[in-house]
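Enquirer: One structure follows; several queries about it will come next.
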Amino acid sequence: MSAASVEQSHGDRPLIAEANRLMDRNPGYRVEIIGGQILVSPPPNAAHARALSRLRAVFIASGLGDGESEVFEGIGLWLPTGTEDYAIPDLVVVDADIDDHLVENNCYAPVCFRLVLEVTSSNWKTDLRNKVKAYAGAKIPVYVIVDRKHQRLHVLTDPVGDDYENHRPCSPGEDVTLPAVIGAEVTLSVDEILKAGQVRMG
């Protein structure tokens, strides 16, 4: 997509137009708008991708993606927190009719999202703070954070206002079963997920 076409299709959306220009100029980077601020994240490393692959496999093996729901990586979520706000979670569980909920700029309405998941990178503070407010404000039922910085897995549920009523930090050695609202019984081994997300030294 050229910058000219971005300006044409998003002339009344200056932040989105700028975000799309940044994506065009920086292939592989993730560009989001949260709280009216453009956030740019570098491409993930192999350990980040490995953790996501492990998680996606667990979700699929649990029966998600069987026709009632789908499991995706890098799908845009339109946020109600600002006129141009959107996020691109690392992994999501969504209703199978997601195509009916396209808003704009390849982003979809929060109503079809059952779970969002982030694997932290250099921008870990955004995942642990800004995105908690954003996803709670969007009424996403379950937010999971694989916190590689502090070696924890966080499960946030029951959004109220701009926060989650329940926040369970899970340590290595624990197994955690996610709420049934996501559509299947999914149990995560904190050890396995955190180990997958560690950089392997040669």
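The values are calculated or read from the model by the stated rules, or taken from the named source; none is laboratory data. Predicted model, so just to flag it, every value in this text is computed and none were measured. Don't worry about glycine lacking a Cβ; one is built from the backbone with ideal geometry, like all the others, and counts go over all protein chains shown. We work out accessible area using only protein heavy atoms, side chains counted, and drop any ligands, DNA or RNA first. Shrake-Rupley method; radii C 1.70, N 1.55, O 1.52, S 1.80 Å.
Enquirer: Going by the alpha-carbon gyration tensor, a ≥ b ≥ c the square roots of its eigenvalues, is segment 75-118 rounded (a/c under 1.5) or, if a/c is not under 1.5, prolate (a/b greater than b/c) versus oblate?
Expert: oblate
Enquirer: What distance in nm lies between label points placed 7 Å from Cα along the C-beta direction at Asn106 and Ala46?
Expert: With each label point 7 Å from Cα toward Cβ, the separation is 2.6 nm.
Enquirer: With θ set to phi - 60°, apply the Karplus curve 6.51 cos²θ - 1.76 cosθ + 1.60 along segment 72-77 and write out the HN-Hα couplings as whole Hz, x wherever there is a Gly or Pro.
Expert: These are the phi-based 3J(HN,Hα) values: 10, 10, x, 9, x, 10 Hz.
Enquirer: Output the 0 to 90 degree angle, nearest 10, between the alpha-carbon long axis of helix 14-25 and the longest principal axis computed from the alpha carbons of the chain.
Expert: Long axis of 14-25 versus the principal axis of the chain: about 70 degrees.
Enquirer: Continuing with the same structure: Spin-label point model (7 Å from Cα, Cβ direction): what's the Ile38 to Asp99 distance in nm?
Expert: If labels sit at Ile38 and Asp99, their model points lie 3.2 nm apart.
Enquirer: Express the accessible area of the chain per residue in Å², computed with a 1.4 Å probe while the remaining protein chains stay in the model.
Expert: Heavy-atom accessible area per residue stands at 48 Å².
Enquirer: Further question on the same structure: Output ³J(HN,Hα) for segment 120-126: one whole-Hz value per residue in order, computed from phi by the Karplus curve 6.51 cos²θ - 1.76 cosθ + 1.60 with θ = phi - 60°, and x for Gly and Pro.
Expert: 5, 10, 5, 9, 4, 4, 4
Enquirer: Among all stretches of the chain without exposed GluC sites (Glu not before Pro) (DSSP loop, at most 13 other Cβ atoms within 10 Å), which one is longest?
Expert: 69-184
Enquirer: Evaluate the charge dipole of the chain about its Cα centre and quote only its size in Debye, nearest 20, assuming +1 on the Cβ of each Lys and Arg and -1 on the Cβ of each Asp and Glu.
Expert: In debye, rounded to 20, the chain gives about 980.
Enquirer: List residues of segment 174-195, by number, whose backbone nitrogen lies under 17 Å from a label position 7 Å along Cα→C-beta of Glu165.
Expert: 179-182, by backbone N distance to the label point.
Enquirer: Sticking with this structure for a sec: Can you give the log10 of the normalised intensity I(q)/I(0) at q = 0.07, 0.08 Å⁻¹, computed with Debye over equal Cα scatterers of the chain?
Expert: Computed log10 I(q)/I(0) values: -0.20, -0.26.
Enquirer: Counting only protein heavy atoms and using a 1.4 Å probe, what share of the accessible area of the chain belongs to carbon plus sulfur, as a whole percent?
Expert: For the chain, the apolar C and S fraction of the accessible surface comes to 49 percent.
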